Structures are given as structure tokens and as C-alpha cells.
Amino acid sequence: MKKKLLTAVAVLATLCGYAQTKGTSTLGLGVSVTTSKIEFPNQTSADSKTKSSSFSLGYGLFVKDNTRIGLELQYGEGTGNGSGNDSKSYGGNVTYQQYYPLIGKLYAYAGGKGAYGYTKSKLNDPDSYNSETKSNTYSLGAYGGLTWFVSKRFAFETTLLSANASYGNYKQKVNNATYADLKQTNFNLTTQGFINDLGFKIYLLF
């Protein structure tokens, strides 16, 4: 009888266990969309609208309770109506996140990541010139935010604060001739994510 009772308790504990326990895997989908529009009241033909969107797909593993490491791939594109400017970007990053319980299934997290990104953009303006820009960026950063573990199978996550240090090289060609070739370093501290650019992630846990 005691053996059966212990077995039942163990099964119940497994069913009711937190989703962020050691050995849990995550499959994440990220979406970010930004739209801006410039209007000229007296020159409607000069109005322009730009839209950029990015998508990410990542895999993570809780190596111990409330500690997750992950690998993420990213793709983005942007269009400029009126400017003829189109861009595509590719990248990936390795992440580390530590989770801290707040209320119920709501957790705060802090972590770090190393990332690489490649962007290629073209400007095709029949009235002036054509240009092509390519850039490579390498970065290290720290970030934090909130995660809601809705159930054992789903979680929503948003980034609220980040700090990044990056190095990049940039090359631009105008009418097929090299116009600029430069390298730069950058450091920034920003608020981002769900608050101001509709950025969020959905995790499937298994």
C-alpha cells in the first residue's frame, strides 16, 4: 500500500512540476514588427512608409532548475515604400538565462548572449543612383525581462532591458564603385521588447 502511495505521489509531482525544471527543452518562435510613416502635408508624393520585420527560431535546454542555455537563428527583412530601399538580414546567437520567481507562474530573468549578424541592403532610385550596402556585426550583451510560464507546454517571454557591446564592418558601393569601407565599435543600453516594438517570443516546452 505504501509503495503504491509513493508511486502515486511521484506521478502527481511529475504532472504538477514546474515547466522550467532540469531536462526540459524549449522550442521558441520570435516575432518583431516595426512600421513608420513620414508625411509631407504639401507634398503627398514625397510621403514614405517603411516596414521591418524579423523572425527567430531557437532551441533551449534547462541544464538545471531555472537555468537555460539556447541557440537561436534569425531572419529579417525591411522595405521602404517611396525610398526604394530594401534589406535582408541573417544571424544567430548563443544565450544563457537565469529565471527568478515573482508571482505564481510569472518569472523575471537575466542573461547574456553572443551574437553574429549579416545585413545586405539595396537602394534603387532611378532618379539618382543605385547603392548596395553589406555589414557584419559581432556582439556580446546582457539582457533581462519577464517570462510567463502559462502551462507545462507553453510560455511567453519579452525583453525589457538590454546592454550590448558590438564590433562591425560596413561596406557600401554606389553605382558598382566602392564608396565607403569602415569598421566601428559600439556600446548601448536600451529598453526594448514588448513595451515599444511588439517584440515577443512564444516557447513550446517538452
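The values are calculated or read from the model by the stated rules, or taken from the named source; none is laboratory data. The structure displayed is predicted, hence computed values, not measured ones. Cβ atoms come from the backbone with ideal geometry, glycine included; neighbour counts cover every protein chain shown. For accessibility, only protein heavy atoms count, side chains too; no ligands or nucleic acids. Shrake-Rupley method; radii C 1.70, N 1.55, O 1.52, S 1.80 Å.
Remarks
- In summary, Ile103 fulfils each of the numbered conditions (1) at pLDDT 90 or above; (2) in contact with a strand residue (DSSP E or B) (Cβ under 6 Å, 6 or more places away or on another chain) with the single exception of condition (2).
- Tally of residues being at pLDDT below 80, surrounded by fewer than 17 Cβ atoms within 10 Å (Cβ to Cβ), of a type in the set (S, T, N, Q) and not in a helix (DSSP H, G or I) across the range 24-49: 6
- A single member of Lys152, Lys171 is open to solvent by 50 Å² or more (accessible area, probe 1.4 Å) and in a strand (DSSP E or B), and it is Lys171.
- For the range 184-199, the count of residues that are open to solvent by 50 Å² or more (accessible area, probe 1.4 Å) and modelled with pLDDT of 80 or more is zero.
- Residue count for the range 129-143, restricted to those that are open to solvent by 50 Å² or more (accessible area, probe 1.4 Å), of a type outside the set (D, E, K, R) and farther than 8 Å from Lys113 by Cα: 4
- Odd one out for Thr147 among (1) modelled with pLDDT of 90 or more; (2) part of a loop (DSSP other than H, G, I, E, B): (2)
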